[in-house]
Amino acid sequence: MPDIKDMNKFDAIIVGAGPAGTSCAHTVAKAGLKVALVDRGTFPGAKNVMGGVLYRHAVENAIPDFWKEAPLERHIIEQQYWLLSDDSNISIGHRSEKFAQEPYNRFTVLRAKFDSWFAGQADSAGAYIISKTVVDDVITENGRVVGIKTDRPDGNLYANVIVLCDGVNSLLAQKLGMRGEFDNRHLALAVKEIISMPREKIEDRFNLDGDEGATIDIYGEVAQGMEGTGFIYTNKDSLSVGIGVILADLVKTRVRPYDLLEQMKNHPVIKRMISGGEPREYMAHMIPEGGYKAMPKIYGDGVLVAGDAAMMVNGFHREGSNLAMTSGRLAGKTIIEATEKGDYSKNALSRYKDLLEDSFVLKDLKKYKNLPAHISNYSEFFSTYPEILNKAADEFLTIDGVSKKEKQRKIRKILTEKKSLWNIIKDTYKSWRAFG
Amino acid sequence: MIECNIDILKKDIANKRLDMHIVVCIKQVPDTTQARIDPKTNTLIREGMPTIVNPYDLHALEEGVRIKEEYGGKVTVLTMGPPQAKDAIREGISHGCDEGILLTDRAFAGSDTLATSYVLSEAIKRVDLDEKVDLVICGKQSIDGDTAQVGPGIAQRLDLSQLTYVIKVRSIDLKKNSMIVERQLEDGRQIVEARMPALMTVVKEINETRYSSLSNLIKAAKYEPAVWNQEVLGLDTTKIGLKGSPTTVRKIFAPPPREAGEIINNEGESSKEVAEKLLKLLIEKEVI
């Protein structure tokens, strides 16, 4: 019969109940292993923040048909991209009726609600959900990670594998020397507001029916010359409006993040979209956008790292939650295999890396591995190009008796005033290369 | 496996001499710090509002566990509510209670304080049959109803010594079956000796709640309370739910917003002048 002390011994302990951690806990619990999911929030999700888009494929892997019962806001049928200058806007978008049908493609969510539901699923699968508990440190023995130290009385907990899903500034990964200090070029700081708005108004304004939703990604003027993008997402009875900018740029320009958001909200084009709304919540979050090259070590003796803590964000496609969930699930799979073999060594856990290599997670991150550095060198993409393109479009669409031939000349002048044609071609070529 | 370990724990407890059996009654309430009132209907918007254990009841739990630790024995936590109130029981377990019972049935829904105290007292009778109850502890009132009637209602129905607004338990004499407590009154404290079994309702100042240990949290995470429904309890259906509740709520309204206070400036005036001005105002408003 097992010893009473064994009550505090688990097959796996997951630190952090975000998409990565909960996904991992769910996978491991479903296999019948004993797993604890430890989180600092008053309930899972209480402290979790993201822009607000969730991808069907990643959740579906854990819970088929989840959209029938999960607390989702809207399923996205339209995605728009806006290029803003100071007073005008070029937009392109895509809307598909296919996305209005089950199984849908993407959803907006409010994380406090969704994460709490998702953790409930892990709970039902058998995971021990331990909230309101801060993990202060990891316990190591002879270089192996064997447990965690929490802030609770008699707060040590032991497991064969510890999975660090403690978010972007994973102090635990840092304590273990799995990652170094942050480079502030690898971090974006995003601020967002939830703006209450009656459903009917949202549906009219965005041309939606029922629970259909739309997202708008915004480039150009809103980032005030910095490397960053804004967004507007539709929720059921609110909009998520926010902007994320590379931290190094904020440090350099000394622009305050909330001023940036305030100015974005006051942009004439955006003001129209949010008018009649009431700010309800304000939140800020750091996003690890360093990409493949900035990834920390993700496995060691008795330890795995997943989600934001492992830099698993595709900054270009604004994907994060799906990479997090997939990495969490694959970490779970690794633990199940390791438990079967009874081997939790670094060598055995390297299987996690192989599984990630085979999935879209590392394939995508590798494909864009040069992009973060490239974009850093070409912050003009966020300022000069949107501006000249808007000027060119203004000129093209203003009917003022100027001959078309003269118009073309003027447009060419606008386009090449700030950038030589040769430079534009060079930028385009280099960008193409950076996208892999 | 974990079930096995809980069995061992139970056996451990059973082997000990159970000196006192304490029942703590708790209620799951909406987290009113996050409450919003619908401006049109003047009712509480309950949708999506997180629930918590009534804050006074946390102190009741704490006191129960402290008494157990001092005098030995066992704490049973009891709640009536929807199936989700299992979370409240689990919180009780994480605070150190030994067992939990959830009273849940559609037939109990809509119960006012009269009906609620009936259901709870019948359940306590049942607990008492299994294992004699010495002390029942409740919070002084709930933060959603604020009536402070359920505790006294249970005491009355079970003929327990009724100790309300207890701020301190001075001593318990198990041989004499008596306890001495301090009650908080508006103008002071009253020291009362009472026979046991007794029921006390506690104020927040009675103790500081502890930060639960990790092992209790783990125990609580998968704890499945005994669930007692109408079928198990077999209560008088005219005394429960809406039928058994003579109280009806006529109207709920948000209190008018507080008006801004008056600020007396001392610009260009001596302290004496300001003091006189203040005195005049206080007399005018009949404050003094």
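Yes/no per residue for (1) of a type in the set (A, V, I, L, M, F, W, C); (2) buried (at least 18 other Cβ atoms within 10 Å of the Cβ):
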site	(1), (2)
A:Leu54	yes, yes
A:Asp65	no, no
A:Leu72	yes, yes
A:Tyr81	no, no
A:Asn89	no, yes
A:Ile92	yes, no
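I'd like to know if the stretch B:267-284 contains one or more residues that are assigned to a loop (DSSP other than H, G, I, E, B) and within 43 Å of the chain's Cα centre (by Cα). Give the derivation first.
In the first step, residues of the stretch B:267-284 are kept if they are assigned to a loop (DSSP other than H, G, I, E, B); the result is B:267-270.
Then drop every residue that is not within 43 Å of the chain's Cα centre (by Cα), which leaves none.
Within the stretch B:267-284, none of the residues are assigned to a loop (DSSP other than H, G, I, E, B) and within 43 Å of the chain's Cα centre (by Cα).
Just the residues that are outside any helix (DSSP H, G or I) and either assigned by TED's automatic domain parsing to the domain that holds A:Lys391 or under 27 Å from A:Lys333 (Cβ atoms) (or both), please, taken from the stretch A:50-68.
A:Met50, A:Val53, A:Leu54, A:Tyr55, A:Ile63, A:Pro64, A:Asp65
Among the residues of the stretch B:150-208, which ones are over 16 Å from B:Leu61 (Cβ atoms) and of a type in the set (Lys, Arg)?
B:Arg157, B:Lys168, B:Arg170, B:Lys175, B:Lys176, B:Arg183, B:Arg189, B:Arg195
Here is a yes/no grid of residues against (1) at pLDDT below 95; (2) in the same structural domain as B:Met196 (by TED's automatic domain parsing); (3) over 19 Å from B:Tyr211 (Cα atoms):
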position: B:Ala60; (1), (2), (3): no, yes, no
position: B:Ile67; (1), (2), (3): no, yes, no
position: B:Tyr71; (1), (2), (3): yes, yes, yes
position: B:Gln84; (1), (2), (3): yes, yes, yes
position: B:Arg90; (1), (2), (3): no, yes, no
position: B:Ala109; (1), (2), (3): yes, yes, yes
position: B:Asp134; (1), (2), (3): no, yes, yes
position: B:Gln141; (1), (2), (3): yes, yes, yes
position: B:Val150; (1), (2), (3): yes, yes, yes
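Here are B:Ala198, B:Ala226: which of them is closer than 29 Å to B:Leu102 by Cβ, assigned by TED's automatic domain parsing to the domain that holds B:Asp134 and either surrounded by fewer than 15 Cβ atoms within 10 Å (Cβ to Cβ) or aromatic (Phe, Trp, Tyr) (or both)?
On inspection, the qualifying residue turns out to be B:Ala226.
Taking the condition of being within 14 Å of another protein chain (Cβ to nearest Cβ) and either touching a Ser or Thr at 6+ places or on another chain (Cβ under 7 Å) or part of a strand (DSSP E or B) (or both), how many residues in the stretch A:13-49 meet it?
Residues that pass the stated criteria total 15.
Taking the conditions exactly as written (among the polar types (S, T, N, Q), within 14 Å of chain B (Cβ to nearest Cβ) and in contact with a Gly (Cβ under 9 Å, 6 or more places away or on another chain)), does A:Ser170 satisfy them or not?
No; evaluated as a whole, the condition is false for this residue.
Please go through the stretch B:214-239 and pick out each residue that is within 12 Å of another protein chain (Cβ to nearest Cβ), polar (S, T, N, Q) and either closer than 14 Å to B:Ile124 by Cα or touching a residue at least 24 places away in the same chain (Cβ under 8 Å) (or both).
Residue satisfying the conditions is B:Asn216 alone.
Can you report the number of residues in the stretch B:249-267 which are without any contact (Cβ under 8 Å) to a residue 12 or more places away in the chain and either within 14 Å of chain A (Cβ to nearest Cβ) or of a type in the set (Val, Ile, Thr) (or both)?
Final tally of qualifying residues: 2.
When you scan the stretch A:139-151, how many residues do you find that are in contact with a Lys or Arg (Cβ under 9 Å, 6 or more places away or on another chain) and crowded, with 19+ Cβ neighbours inside 10 Å?
1
Given the condition in a strand (DSSP E or B) and hydrophobic (A, V, I, L, M, F, W, C), answer yes or no: does some residue in the stretch A:273-280 qualify? Show your work before the answer.
Filtering the stretch A:273-280 for residues in a strand (DSSP E or B) gives A:278-280.
Restricting the remaining residues to those that are hydrophobic (A, V, I, L, M, F, W, C) gives none.
No - not one qualifying residue is present in the stretch A:273-280.
When the stretch B:58-79 is examined, which residues are found to be out of contact with any Lys or Arg (no Cβ under 6 Å at 6 or more places or on another chain) and closer than 10 Å to B:Cys97 by Cβ?
Residues satisfying the conditions are B:Leu61, B:Gly64, B:Val65, B:Lys68, B:Lys74, B:Thr76, B:Val77, B:Leu78.
With a cut-off of at least 2 residues that are within 14 Å of chain B (Cβ to nearest Cβ) and touching a residue at least 60 places away in the same chain (Cβ under 8 Å), name the strands (runs of 3 or more DSSP E) lying wholly within the stretch A:69-156.
A:128-130, A:144-150
Return the total of residues in the stretch B:51-85 being under 20 Å from B:Gly110 (Cβ atoms) and either of a type outside the set (A, V, I, L, M) or free of Cβ contacts under 8 Å to residues at least 12 places away in the same chain (or both). Full working, then the answer.
Taking the stretch B:51-85 first, the residues under 20 Å from B:Gly110 (Cβ atoms) are B:51, B:54, B:78-85.
Narrowing the set further to residues that are either of a type outside the set (A, V, I, L, M) or free of Cβ contacts under 8 Å to residues at least 12 places away in the same chain (or both) leaves B:51, B:54, B:79, B:81-84.
Residues in the stretch B:51-85 being under 20 Å from B:Gly110 (Cβ atoms) and either of a type outside the set (A, V, I, L, M) or free of Cβ contacts under 8 Å to residues at least 12 places away in the same chain (or both): 7 in total.
The values are calculated or read from the model by the stated rules, or taken from the named source; none is laboratory data. Here the structure is a predicted model, which is why all the values come from computation and not from measurement. All Cβ positions, even for glycine, are placed from backbone atoms using ideal geometry, and neighbour counts span all protein chains on display.
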